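Visitor: Input: one structure, supplied below.
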Amino acid sequence: MNDVPAWAARLRAERHERLWTQREMAKRLADAADEHVRLPERDSLTRNIKDWEAGKHHPKDPYPILYSRVFQVDETKLFGKDILAGNDDKSGDIGIGGTGRCPESSSPGPLADGMAANGETLDCLTLAWTVGRLDQRMERRGLLQLAATVTASAALDPSERLIRALAGDHRPDGVTVGHLEDRTRGFHRLEGHLPAAVLYPALMSHLGDISALLESSSRDVLRQRLAVTAGESAVLAGWFAWEMGKTRQVASMSRLVNVAAKHGRDPAITAIWAGYRTYTLGRKRVHAPRLAAAAIEQVGDSAPATRVYLLARLAEESAFIGDRKTAIAAIGEAEDLYPAADITSRPWTFFLDAARFASMALAVYTRVHHEEKAAAALDAIVTNLGPEPEIKKLCVLKAEMAIARLRLGDVTGGVTSARSSLAATEAMAAPLGWERLDQTVHEMRRFRTVAAREFRAEYAAIRPREALSSPH
């Protein structure tokens, strides 16, 4: 665990909240400087920002006042009195630990950053349970406020009831199982706001609770509900493991998914897992459409929202390999089914709102060169994207917008969308964001504008080598 001073976490949180890259932050600091103030070149200033956000040393004059101008936040609130007085005090460092607590990562994302900046730790189990009980989509700022409330109020947590059940003081009942179902929904919803490395440990603890209750429950109806909950959780845990490169854990979760689906009598669990696997094939990507088609056949009409997602995945992968006929047919069927599909019916389809679905359609129509429908999908994203969408969603959505705009000849718009995707991808450490940005940069190579050249150079300096794929 790397301790970061509170002021450093606060600088990073403020930047992530605005979805700015470190290079864009450097530009804004330079723009905020008075005419007589000379700052270093952009690359040098970007490196300084990286060091400041890592807490290696604090900004000297004139940077505190420039940060204050750019963020429109008081200097004392940003840095604290000791830092402004020249004392690099790390007494506000973050300490995160304990079962179910979200660990700090090198890039924990805006929500975890915001909690850390206030010197608080994030109880992911309680937060997931609370979010899972809410029948509404959470914007970033609202979720941050909720996280602060959860941190301050242990009374919200149903852990005492779970502890008694796990300790054998009484048999699990419907209410106890309901707590775990709420938690599972909450973890799926938090995925859009927090990186895999932050949520994974708490999610594994959650799976441990489910397993223990399965061992102590003899009632068939409760065992079936617990099995389904285990499968829904294992799907997400398996994906998190893949994002983090944990191959053995991926195999373990894959086995759990299959067993849970069988005992829960729920084929949609294995179908959605197969849909996620379509991203993991690497050089064998040509087989992804066949895998998606098998998943669609498996789920049938039993889970309409899941079927919509799988159809959209079939369409995307078919378009990627040049199968225009299958791609158009699959996305067409998905578009017909989407209006009546309840995306809240399963935890894994909650992310598939109108903007995200439109981005999948955009990926298809852009790659099959259907400009009219690509433009319509682009308009649908703009229309349906709220003011504070999930950060992880922006990783893919903005990259697809960038590719579409570049192919339509809008270089300025393409670079702007690419920068938004890069900021979100960097904040969330989202592998799919890097994969789609790779395609964006490839598309951008044919343009010789200054903005396109600067973005390609910035991207080459930032992109991690080990980035993998991601499901959404």
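Each reported figure results from applying straightforward, stated rules to the coordinates on display, with no laboratory input. Since the model is a prediction, treat every value here as computed from it, not as a measurement. When we count neighbours, we look across all protein chains shown, and the Cβ atoms used for this are built from the backbone with ideal geometry, even at glycine.
Visitor: With label points built 7 Å along Cα→Cβ from the Cα atoms of Leu39 and Ser205, find their separation and express it in nm.
Guide: Reported label-point gap for Leu39 and Ser205 is 4.0 nm.
Visitor: With Cβ to Cβ distances under 12 Å as the rule, what net charge do the other residues near Phe71 carry (K, R +1; D, E -1)?
Guide: +3
Visitor: Still on this structure, I have one more. Pairs of alpha-carbon atoms within less than 8 angstrom and 6+ residues apart define the contacts here; what relative contact order does the stretch 6-84 have, in percent? Don't skip to the end; give the middle numbers.
Guide: On the way: 57 pairs, mean separation 28.4, N = 79.
Taking the mean separation of contacting Cα pairs over the length of the stretch 6-84, I get 36 percent.
Visitor: Relative to the present Cα-Cα distance, how much length would full extension add between Arg248 and Arg69 at 0.36 nm per residue of separation?
Guide: Full extension of this stretch gives 59.6 nm more.
Visitor: A further question on this structure: Given the peptides 287-297, 310-320, arrange them by the average over their residues of other C-beta atoms within 10 Å, most packed first.
Guide: 310-320, 287-297
Visitor: So what does the Cα-only Debye profile of the stretch 6-84 read at q = 0.12, 0.17, 0.22 Å⁻¹, as log10 I(q)/I(0), no solvent term?
Guide: Values returned for q = 0.12, 0.17, 0.22 Å⁻¹ are -0.28, -0.59, -1.04.
Visitor: Using a 10 Å cut-off on Cβ atoms, rank the peptides 252-259, 364-371 from the highest mean neighbour count down.
Guide: Result, highest mean Cβ count within 10 Å first: 364-371, 252-259.
Visitor: Here's a follow-up. What is the distance, in nm, between label points placed 7 Å from the Cα along the Cα-to-Cβ direction at Val221 and at Arg133?
Guide: 2.3 nm
Visitor: Would you tally the net charge around Leu397, using a Cβ to Cβ cut-off of less than 10 Å, leaving Leu397 out, and scoring K and R as +1, D and E as -1?
Guide: Net of charged neighbours comes to +3.
Visitor: Applying the Karplus parametrisation 6.51 cos²θ - 1.76 cosθ + 1.60 with θ = phi - 60° to the phi angles of the stretch 323-328, what ³J(HN,Hα) value in whole Hz is obtained for each residue in order, glycine and proline being reported as x?
Guide: 8, 5, 4, 5, 4, 5
Visitor: Take the cross-link list Lys60/Lys398; Lys27/Lys60; Lys27/Lys56 and give me the ones stretching past 24 Å between alpha-carbons.
Guide: With Cα atoms farther than 24 Å apart: Lys60/Lys398.
Visitor: Please state the charge dipole magnitude for the stretch 6-84, taken about the Cα centre, from unit charges on C-beta atoms (+1 on K and R, -1 on D and E), reported in debye and rounded to the nearest 20.
Guide: 240 debye
Visitor: Please give the contour-minus-distance gain from Glu388 to Lys50: 0.36 nm per residue of separation, less the Cα-Cα distance, rounded to one decimal in nm.
Guide: Gain in length upon complete extension: 119.2 nm.
Visitor: Here is a further query. State the extension gain, in nm to one decimal, for the chain segment bounded by Ala354 and Arg465, taking 0.36 nm per residue of separation less the distance between their alpha-carbons.
Guide: 36.7 nm
Visitor: Sticking with this structure for a sec: Evaluate the charge dipole of the stretch 270-413 about its Cα centre and quote only its size in Debye, nearest 20, assuming +1 on the Cβ of each Lys and Arg and -1 on the Cβ of each Asp and Glu.
Guide: Once rounded to the nearest 20, the dipole reads 700 debye.
Visitor: Let me check I've understood the local charge: for Ala315, count other residues with C-beta under 15 angstrom from its C-beta, Lys and Arg +1, Asp and Glu -1. What total comes out?
Guide: Around Ala315, the surrounding residues sum to +2.
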